[in-house]
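Encoded as structure tokens, the structure appears first; notes follow it.
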Amino acid sequence: MNHLIDITLSEQQREGTQAILQQWLVAVGDKVKADDPIAELETDKVTMEVCAPKAGVIKELLIATGDAVTPDAVLGRLDTHQTEADIGIPRKRDAQQPPCARHLVGPAVRRLLRQHNLDIGLIDGSGRDGRVTRNDVLSYLQNTPADTKPEKPSPATNPGSTPSHRVEHTSMRRHIAKHMVESLLHTSPHVTSVFEMDMTNVIEHRRWHKKEFLEQGVNLTFTAYFLAAAALAIKAVPEVNARFHEDALEIFDTVNIGVGTALDDQGLVVPVITQVQQKNLLQIAEALQTQTNKAREGKLVAADMKNGTFTLSNHGVSGSLLASPIVINQPQVAILGIGKLEKRAVVVETPHRESIEIRPRCYVTLTIDHRALDGFQANKFLSIFVNTLECWGQ
């Protein structure tokens, strides 16, 4: 009886862009249990692990590190002619194989190591074959005094040269660079409209309702308001929520908004909040919290970033007042940008007088694909978006 089964991608991992095999976490002959991580893939959007479909012994590894992995690819084969008790017994490795898997770590672990400048050799691994897990790193950070953590040595330089060091591009960074160049230079002419927005009413509404949302386990952020207002503006200007074709403009009936989420210096991912037009503020905030948490913990899968029809870039959270143009996330036709919230002196008009007041304000931009949209539609969208937020709760 044949006990060999193919190691393939899951249904979720088959969705989205082409993946690259970043590293194998096992070798031929290794014994694994069901759902043990055995390989790591990287796309332009997310890094993900492939897990063993069943318990068994790794018989073949058919894809090499750095090779492209198609959705229907067979990565390797697993011999399941083993009992669970047998699998629990470590295999004796030969002299040419590494003594443990402690350096074969997942994306969340690598991100923590880079963020905190840590040497993995100082961290005890609790995973299979001594593999260091995310919880191992967090435990190390919690239990090790800051002044005893090692610092990375300064890179060596050639005599007489300008001091520098090289940081190799990740697959994600290379794909982002290619995507940005294609969007801006080779696909669509970018045009940006700029409005200014008063956030007084939104801030007041959030102040009164933030505790109420927290009691339900949801953090109410300004971004949730932006998503809600964008959905209303799209209802009035549906052409913004579209895809350009040479013979037609494909306008989507559902509003799926991607939210640009920075992963420190590792790149940018865009998890999608689906069906925003059908959600209330609480539901939007809850979905946003789920997706952004997954992004920051390295748990996004390709399906989380699929089927976006519009994108929001809240670049103001990192201090930017204005960004133009924000590159359109192809094949969409528009992207909304929100700048830093700050207090400004503004002229306030009433029926009887004008006065100068201090108000919380920010710049709002809409960058459009000028093949699909014109300035009139961009300005109409921004007018409705801004008015919705300035009159929130009234």
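Quick rundown of the values:
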read-out: Residue within the stretch 228-235 that is under 19 Å from the mean Cα position of the chain (by Cα) and under 14 Å from L288 (Cα atoms) present; value: no
read-out: Matching residues in the stretch 267-306 - criterion: being touching a helix residue (DSSP H, G or I) at 6+ places or on another chain (Cβ under 7 Å) and in a helix (DSSP H, G or I); value: V276, Q277, L281, L282, I284, A285, L288, Q291, K294, D304
read-out: In the stretch 330-364, residue surrounded by the most Cβ atoms within 10 Å (Cβ to Cβ) [restricted to those that are of a type in the set (A, V, I, L, M) and assigned to a loop (DSSP other than H, G, I, E, B)]; value: V333
read-out: Residue within the stretch 374-388 that is at pLDDT 90 or above, surrounded by fewer than 16 Cβ atoms within 10 Å (Cβ to Cβ) and of a type in the set (A, V, I, L, M) present; value: no
read-out: Considering residues of the stretch 257-290 that are under 19 Å from L112 (Cα atoms) and within 11 Å of the chain's Cα centre (by Cα) only, the residue most open to solvent (accessible area, probe 1.4 Å); value: D264
read-out: Number of the exception - L321 against (1) of a type in the set (A, V, I, L, M); (2) touching a helix residue (DSSP H, G or I) at 6+ places or on another chain (Cβ under 8 Å); (3) open to solvent by 40 Å² or more (accessible area, probe 1.4 Å); value: (2)
read-out: Sole exception among (1) open to solvent by 50 Å² or more (accessible area, probe 1.4 Å); (2) at pLDDT 95 or above; (3) within 26 Å of the chain's Cα centre (by Cα) for F195, by number; value: (3)
read-out: Top-ranked residue in the stretch 291-314 [being at pLDDT 90 or above and small (G, A, S); ranked as surrounded by the fewest Cβ atoms within 10 Å (Cβ to Cβ)]; value: G308
read-out: Residue match in the stretch 316-329 (condition: over 17 Å from H370 (Cβ atoms), within 12 Å of the chain's Cα centre (by Cα) and either among the acidic types (D, E) or at pLDDT 90 or above (or both)); value: no
read-out: Any pair with Cβ under 7 angstrom, 6 or more apart, that starts in the stretch 1-18 at a residue that is surrounded by fewer than 13 Cβ atoms within 10 Å (Cβ to Cβ) and ends at one that is at pLDDT below 75; value: Q18/T43
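Okay, residues lined up against (1) over 24 Å from H3 (Cα atoms); (2) surrounded by fewer than 18 Cβ atoms within 10 Å (Cβ to Cβ):
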site	(1), (2)
A39	no, no
C51	no, yes
I58	no, no
T70	yes, yes
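The values are calculated or read from the model by the stated rules, or taken from the named source; none is laboratory data. Being a predicted model, the structure only gives us computed values, none of them experimental. Note: ideal-geometry Cβ built from the backbone for every residue, glycine included; neighbour counts use all protein chains shown. To get the accessible areas, we keep the full protein, side chains included, count just its heavy atoms, and leave off ligands, DNA and RNA. Shrake-Rupley method; radii C 1.70, N 1.55, O 1.52, S 1.80 Å.
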